[in-house]
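Chemist: Mind looking over this structure? Questions follow.
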Amino acid sequence: MDLGLSGQGALVTGGNRGIGRAVAAALVREGAQVVLLGRDPESLEAVRRELGAQGAVVADTTDDDAVRSAVESAVGVLGRLDVLVNCAAPRALPGQVPGLAGLDDAGLLRDVDTKVLGYLRATRAAAPHLRERGGAVVNISGMNARATGAIAGSVRNIGVVALTKNLADELGADGVAVSCVHPGLTLTERNEGDREYAESAARNALGRPVTAAEVADLVVFLASPRGRLANGAVVTADGGRPGTIWA
């Protein structure tokens, strides 16, 4: 299936690691022109060369001025912007104490600032360019949006859902589709050798771990002209959580 992404300009935040890196790779394979955004210039440049991306821009998504500057630099490299994929977020840490006992106020604020507001900052800076031709924003959230226990994880991820629907309603009329993807435990280059993690990741209805490349395929479809009818959608990508029905 031709997804219609050839020649389109795409910016992937958090594109130098994990799911963001896999998304960037998938977009390049589909013929998109891709710029990576992240905080580590050395890692960004190494991944840019490895993937054959067009560029890399450095920004911390908690800094609005830096985000705006980075988006303008990306557009300068690409000459256009059709797709934004928001992946830059704090890494979920294992072994955290659940509930009130495990809640760190500063950590929760940092999570929301980086993930929810970070996605908002990137989209706000990209919106004028996306409106020129129409396009797509895909926000990477997580299954903690649908689970209790880790308050910070639930809040930051459900915040992305609320942000996504608000943006979908506002930008849809301009031809810009906004959707959200909930990965579960996902195999990436960071944890591919971790047997315990892989066993946990396999506790889904498929009975096997989901890989970052598989999540990326879904994200790229939603970002493509063929997937943009899913404006406002929230799509799970965890292999199916047994026993739960989502209407």
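Chemist: Report the label-to-label distance for Asp113 and Ala147 in nanometres (one decimal), using points 7 Å from each Cα along the Cα→Cβ vector.
Modeler: In this crude spin-label approximation the distance works out to 2.7 nm.
Chemist: For the pair Ala46 and Glu72, how long in nm is the line joining their label points, each one 7 Å along Cα→Cβ?
Modeler: 3.1
Chemist: Next question, about the same structure. Tally Lys and Arg at +1 and Asp and Glu at -1 over the other residues with C-beta under 15 Å from the C-beta of Val210: what net charge comes out?
Modeler: Local charge sum for Val210: -3.
Chemist: Next question, about the same structure. For the stretch 67-159, with only Lys/Arg (+1) and Asp/Glu (-1) charged at the beta-carbon, what is the dipole magnitude about the Cα centre, in debye rounded to 20?
Modeler: Here the size comes out at about 220 debye.
Chemist: For the chain, what does the helix formula give at 222 nm: sum of -39500 (n - 2.57) over DSSP H segments with n ≥ 4, over the residue count, nearest 500 deg cm²/dmol?
Modeler: Counting only the DSSP helices, I get -13000 deg cm²/dmol.
Chemist: Another question, if that's okay. In nm, what is the difference between 0.36 nm times the number of residues separating Asp64 and Glu199 and their Cα-Cα distance?
Modeler: Residue separation times 0.36 nm, minus the Cα-Cα distance, leaves 44.7 nm.
Chemist: For each of Ser224, Ser73, Ser6, count neighbouring Cβ atoms within 10 Å of the residue's Cβ, then give the residues from fewest to most.
Modeler: Ser6, Ser73, Ser224
The numbers here are math on the coordinates, done by the rules we state, and not lab data. Since the model is a prediction, treat every value here as computed from it, not as a measurement. Backbone-built Cβ (ideal geometry, glycine too); neighbour counts: all protein chains shown.
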